[in-house]
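The values are calculated or read from the model by the stated rules, or taken from the named source; none is laboratory data. On a predicted model such as this, the values are computed, not experimentally measured, just so you know. Methodologically, a virtual Cβ is constructed for each residue, glycine included, from the backbone with ideal geometry; neighbour enumeration extends over all protein chains shown.
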């Protein structure tokens, strides 16, 4: 199957004054029947929250929720008793399971926070809710993929309750990196956080994405310094 590319400007948009959000898939008031998710990946929101503002207490259930701050920090509080700051360089995962409530606010009164909010459908419903977060050394992903989320905690990654893998890479100009899938019939979702990269004959720029199915690996070459996120998920 051919790779499917979505350009940054094609994403859904939400402007709420305190929140500036770009939706890779249908979410809230943005509905596109052709953008309902990618396999078990359901949501990827690129959110900017103004200083001192945030999402008030709201519920979730039966969803794996991953938050990746790109700049600034988030203040997280949930009904399991967790109160944390999540800063750029750290990643949080929350298994909503049977249900929980939480809030997310900008951890600064002066600076914006930009973070990726990602939802993955769980492997099993109604599990016990859980929460975890960790800091990952950026030097470990220089010109290679660093696994940050996985089903088994490989390489010190956070555990997700789905056969899914998240990996980050920071590439220097002209460097290439290969990604190989862990399981047959999985798909690869590539999100370019920053920079420009080349995959085959295609060039992707900041916030573009590519959906790859029917292939066991992907080779990415950096045309500029680049930051990449790969999410591997079951397609069935």
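Miscellaneous remarks
- Test for residue 21: is it surrounded by fewer than 18 Cβ atoms within 10 Å (Cβ to Cβ), without any contact (Cβ under 8 Å) to a residue 40 or more places away in the chain and in contact with a strand residue (DSSP E or B) (Cβ under 9 Å, 6 or more places away or on another chain): no
- Selection count where residues are more than 16 Å from residue 171 (Cβ to Cβ) and assigned to a strand (DSSP E or B), scope region 203-214: 3
- Extreme residue, surrounded by the most Cβ atoms within 10 Å (Cβ to Cβ), among residues of region 75-103 that are within 18 Å of the chain's Cα centre (by Cα) and not in a strand (DSSP E or B): 96
- Test for residue 221: is it surrounded by fewer than 19 Cβ atoms within 10 Å (Cβ to Cβ) and either part of a loop (DSSP other than H, G, I, E, B) or touching a residue at least 40 places away in the same chain (Cβ under 8 Å) (or both): yes
- Where residue 138 falls short, out of the listed (1) modelled with pLDDT of 90 or more; (2) farther than 21 Å from residue 207 by Cβ: (2)
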